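In what follows, a structure is listed as structure tokens, so that the remarks can point back to it.
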Amino acid sequence: MDTTKIYQCLDRLIMQPVRVIGRASNMLWIGIGEKVEKLNYKGEKREISTYSIHVQCMWRMINKERMEILFASSDYYSPSKKADKCSCFDWEPQGNNLFDEKSKKWLMQESPIYIREYEINIWGDLLLEFTNNDRLEIFISSSNETEGWRILEAEEDKPHLVATGLGMNFE
């Protein structure tokens, strides 16, 4: 893989604002950059961000100064403060789990947040450092073609940068 293309893709994220953070089931997604209006598959207008990161492997958001994990991928499976804490806890409905609670609070309290810098290693582990000094650490956690994360652009014809246990490619 041409590392120049990987760095060019990641360089586009520098000093872009974090607009939204959420999840689809247990996949983290972060909307980055300017707002873009697109049509969905039903032909309805919807607002998205210029760039998106989808994460399907282990990750955590940390604050190094306070030496604190702010929220992490396993928080999907813990109830939020308002969720029913009985043995019938269902993590999947939006708002039910600890990630939903903490990520929403983080974005509201810390905005505006911009990506200050990144680091990437040969295994595809990605670190994003934000202007508020928090860091998103993403860890490839497979040894096969299982997708760990991807970066998408709002332009549909642009290939996505995808990291798996076998390396990084544009798809």
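Condition first: without any contact (Cβ under 8 Å) to a residue 60 or more places away in the chain and in contact with an Asp or Glu (Cβ under 9 Å, 6 or more places away or on another chain). Now tell me which residues in the range 95-109 satisfy that.
Answer for the range 95-109, where residues must be without any contact (Cβ under 8 Å) to a residue 60 or more places away in the chain and in contact with an Asp or Glu (Cβ under 9 Å, 6 or more places away or on another chain): GLY95, ASN96, ASN97, LEU98, GLU101, LYS102.
Could you pull out the residue among SER78, SER74, SER143 that is in contact with a Gly (Cβ under 8 Å, 6 or more places away or on another chain) and more than 20 Å from LEU10 (Cβ to Cβ)?
Numbers: SER78 fails: in contact with a Gly (Cβ under 8 Å, 6 or more places away or on another chain); SER74 fails: in contact with a Gly (Cβ under 8 Å, 6 or more places away or on another chain).
The unique qualifying residue is SER143.
When the residues of the range 1-30 are filtered to those that are touching an Asp or Glu at 6+ places or on another chain (Cβ under 9 Å) and in a strand (DSSP E or B), which remaining residue is surrounded by the fewest Cβ atoms within 10 Å (Cβ to Cβ)? Spell out the reasoning first.
Step one: of the range 1-30, the residues touching an Asp or Glu at 6+ places or on another chain (Cβ under 9 Å) are 9, 12, 14, 16-19, 22-23, 25-26.
Applying the additional criterion that residues be in a strand (DSSP E or B) yields 17-19, 22-23.
Working: PRO17: 18, VAL18: 26, ARG19: 21, GLY22: 15, ARG23: 19.
Residue satisfying both the conditions and the ranking: GLY22.
Taking the condition closer than 14 Å to ILE21 by Cβ and free of Cβ contacts under 8 Å to residues at least 60 places away in the same chain, does SER73 pass? If you could, list the steps in order and put the result at the bottom.
Numbers: closer than 14 Å to ILE21 by Cβ: yes; free of Cβ contacts under 8 Å to residues at least 60 places away in the same chain: yes.
Here the answer is yes, as SER73 does meet what is asked.
Looking at the range 110-123 only, could you name the residues that are out of contact with any Leu (no Cβ under 9 Å at 6 or more places or on another chain), touching a residue at least 12 places away in the same chain (Cβ under 8 Å) and not in a strand (DSSP E or B)?
Step one: filter the range 110-123 for residues out of contact with any Leu (no Cβ under 9 Å at 6 or more places or on another chain), giving 110-112, 114, 122-123.
Now drop any that are not touching a residue at least 12 places away in the same chain (Cβ under 8 Å), which leaves 110-112, 114, 123.
Matches in the range 110-123: GLU110, SER111, PRO112, TRP123.
Report yes if GLU145 is charged (D, E, K, R) and outside any loop (DSSP other than H, G, I, E, B), otherwise no.
no
Only one of these is farther than 22 Å from LEU13 by Cβ and either touching a His at 6+ places or on another chain (Cβ under 7 Å) or at pLDDT 95 or above (or both): ILE62, ILE69. Name it. Give the derivation first.
Values: ILE62 fails: farther than 22 Å from LEU13 by Cβ.
Of ILE62, ILE69, the one residue that is farther than 22 Å from LEU13 by Cβ and either touching a His at 6+ places or on another chain (Cβ under 7 Å) or at pLDDT 95 or above (or both) is ILE69.
Looking at (1) touching a helix residue (DSSP H, G or I) at 6+ places or on another chain (Cβ under 8 Å); (2) surrounded by 16 or more Cβ atoms within 10 Å (Cβ to Cβ), find the lone condition where GLY165 falls short.
So the condition that GLY165 fails would be (1).
Taking the range 110-123 on its own, how many of its residues are over 26 Å from LYS81 (Cα atoms), among the β-branched types (Val, Ile, Thr) and open to solvent by less than 80 Å² (accessible area, probe 1.4 Å)?
2
Of the residues GLU137, GLU145, which is in contact (Cβ under 8 Å) with a residue 12 or more places away in the chain and within 15 Å of ILE30 (Cα to Cα)? Even if it seems obvious, please write down each step before you answer.
Working: GLU145 fails: within 15 Å of ILE30 (Cα to Cα).
Residue meeting the stated conditions: GLU137.
The values are calculated or read from the model by the stated rules, or taken from the named source; none is laboratory data. Keep in mind that what you see is a predicted model, and the values were worked out from it rather than measured. So basically every Cβ, Gly included, is an ideal-geometry build from the backbone, and we count neighbours across all protein chains shown. The accessibility values were calculated without ligands, DNA or RNA, using every heavy atom of the protein model including side chains. Shrake-Rupley method; radii C 1.70, N 1.55, O 1.52, S 1.80 Å.
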